[in-house]
1. Just to compare against my own numbers: the Cα pair-distance distribution for region A:3-157, 10 Å bins, whole % per bin, please.
2. What is the angle, in °, between the Cα long axis of helix A:139-148 and the longest principal axis of the Cα atoms in chain A? Nearest 10 is fine, range 0 to 90.
3. How many nm is it between the label spots at A:Val12 and A:Asn157, if each spot is 7 Å from the Cα in line with the beta carbon?
4. Between A:Tyr82 and A:Tyr70, how many nm apart are label points set 7 Å from Cα along the C-beta direction?
5. Kindly state, to the nearest 0.05, the FRET efficiency for A:Arg93 paired with A:Leu164, given R0 = 25 Å and r defined as their beta-carbon distance.
6. Within chain A, what whole-number % of the accessible surface is contributed by carbon and sulfur, with the 1.4 Å probe and all protein chains included in the calculation?
7. Can you give me the convex hull volume of the Cα atoms of region A:93-159, divided per residue and expressed in Å³?
Amino acid sequence: MRCWLIKSEPDVFGFADLRRRGREPWNGVRNYQARNFLRDMREGDLCLFYHSNARPPGVAGVARVCREAYPDDLQFDPQSPYFDPRSNPAQPRWSMVDIEPLVAFPALVSLDTLRALPEWQTSALTRKGSRLSVLPVSSDQFWAALDAAGLSLDDLNAGPEPRLQA
DNA sequence: GCCAACGTTGGC
DNA sequence: GCCAACGTTGGC
């Protein structure tokens, strides 16, 4: 099982939204490196759900991949901001996975907190100027983030988050 | 294949 | 709102 970090702007779609939805297609990724990482994801992989463009930015919880990569339908929708006129259904350019919420962090683990952890020194997340929205995370980094949230393996094994009311 | 112009990301 | 860093586009 691999670990990942995925970014989302909470004003647009935050971890609480994922808890309300129960499950969500992770669409709109339009960067080749990030897309390739999406395609590497396997069912059951864990994702740190990161809030970008937030004050403060940081990890809000853990999600789990519940469907592996398939074509992102928004690339074919002319009404969508994610429409890509150069893609075609025979050879879709962009992919998405489905994710579900697993554990909400009791409190956000901020970017500042991650930066202070030795495990995170080498991450693309903490590297200045890096804008990658999907990136691999080592198991050391994953557990360090979970520990910073005050959580343990037991909390992950407790199973999916109860669905929030919409 | 180079590279200038442009658009976007995302922390601050 | 600013702007540094980065990716993409397209003329040549």
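The values are calculated or read from the model by the stated rules, or taken from the named source; none is laboratory data. None of the values given here were measured: they were computed from a predicted structure. A quick note on method: Cβ atoms are made from the backbone with ideal geometry, for glycine too, and the neighbour counts reach across all protein chains shown. Quick note on the areas: whole protein, heavy atoms, side chains included, nothing else; ligands and nucleic acids left out. Shrake-Rupley method; radii C 1.70, N 1.55, O 1.52, S 1.80 Å.
1. 11, 41, 35, 11, 2
2. Tilt of helix A:139-148: around 60 degrees.
3. Each label point is offset 7 Å from its Cα along the Cβ direction, giving 3.7 nm.
4. 1.4
5. Rounded to the nearest 0.05, the efficiency is 0.15.
6. Values: 4090 of 8860 Å².
Looking at chain A in its full context, I get 46 percent from C and S.
7. 113
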